Structures are given as C-alpha cells and as structure tokens.
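S.K.: After the structure tokens below, expect a handful of questions from me.
The values are calculated or read from the model by the stated rules, or taken from the named source; none is laboratory data. The model shown is predicted, which means the values in this text are computed figures rather than measured ones. Methodologically, a virtual Cβ is constructed for each residue, glycine included, from the backbone with ideal geometry; neighbour enumeration extends over all protein chains shown. SASA here: full protein model, heavy atoms, side chains in, ligands and nucleic acids out. Shrake-Rupley method; radii C 1.70, N 1.55, O 1.52, S 1.80 Å.
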Amino acid sequence: MGTLGQVLAAVLGLVTALVPVLVATDAFDAGSSDKIIRVLPTQPTTQPTTQPTTAPTSPTSSSSGPVDEDIVLTVSDQLTEGALEERIDVVLEGSRVASLYASIDDPIVTQQVTATTPGNYDYVLDGRVAWLDDYGVRQEASASGHGSVYVDDGMRLDVYVQFESGGGMSLSLRSAKQS
C-alpha cells in the first residue's frame, strides 16, 4: 500500500483520464448528443494551462479543423474598465471550450470554437477579476454566471461582468454577430 500522496496521485490520474473520455462520449448527458463542442486545434489558447483545454475527439470528427457541417463561433472577453486582469473559463453544454485571460497588455482576447448545430446552448462561466483599490492595493474577486445563449455559424459570444448592488460581481455570455 502506497502513501496517501501516491494514492491521491493515482486517483487524480484516473479521474483525469476518465473525465475527457466521458465528456467526449457524452456519457454525462445523453440528451444533448446533437451538440458537440470542440476547440479548434489551430487556435492557440490565450493563457497557458497545466490541464488540456480540449477533450479527445471521436474517430468520426476531424481534428484538423471544422467539418463542412460544423458551425464556427468565437468566444471573446474584453478587460473590464478599471481591472488589471481577468481570467474567465467558458463551459458550453458541459464542456470547457475556452480559458480567456485579458490583461492591460492584452485587453481583448478571443478563441474560436466549433459546434455541430445551431441553437440554444447552456453555459457556465467562472472567473476572477483583479484591480487596484483606492489605496493602490491589489484586490481580487471571484465571479460566476450561468444561463443559455443562442449559437450559430459566425456568431461571437461576449463575456460581460456585471457589478451587483451588494458589491459582488456576476458574469454573463451574450451572442453577437461577427464584425
């Protein structure tokens, strides 16, 4: 029997190996098999991560780019006024499709994504926003949001940060035509 660290590493390795397979085979939600989301492999991620941002593709899909029937859309975030940086993870239909990192040096970030059919997609957004307070001290806050957004070919999905009356923040995703 190994140490607790070895056991945890083995369990994490197993979970890390199984989750992309379950997501790719749509084992989590058999009702939405007509909506498959992929990050285009030719589009670099906006922030390096230690975890892969794509699930393995099935043998029927092309890994070199979108198939003729696929729709291509762009997920975009613009740095909130007064913020130093923000990191937003975008999940559509249960699959993380983008990890966006906007900063003062790179205030507008985008990532291309493909989907198989137009229609309404459920989304979840999780993020962190950093800014300097009135005393010049760096502050950070978490923000999240969820809902449904219409997706079609050529569509751009924009991330919005809303400031709540109690001082909190929430995130939403809105669709717009490509400019």
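S.K.: Counting only protein heavy atoms and a 1.4 Å probe, tell me what percentage of the range 92-179's accessible area is made up of carbon and sulfur.
M.R.: After summing per-atom areas, the C and S share lands at 48 percent.
S.K.: Right, next: Multiply the residue separation of Arg138 and Ser170 by 0.36 nm, subtract the distance between their alpha-carbon atoms, and state the gained length in nm to one decimal.
M.R.: Values: separation 32, 0.36 × 32 = 11.52 nm, distance 1.96 nm.
Value of the extension gain: 9.6 nm.
S.K.: Could you work out the local net charge near Leu125, counting Lys and Arg as +1, Asp and Glu as -1, over the other residues with Cβ closer than 13 Å to its Cβ?
M.R.: Details: positive: Arg87, Arg96, Arg128, Arg174; negative: Asp77, Glu86, Asp89, Asp122, Asp126, Asp158.
Net of charged neighbours comes to -2.
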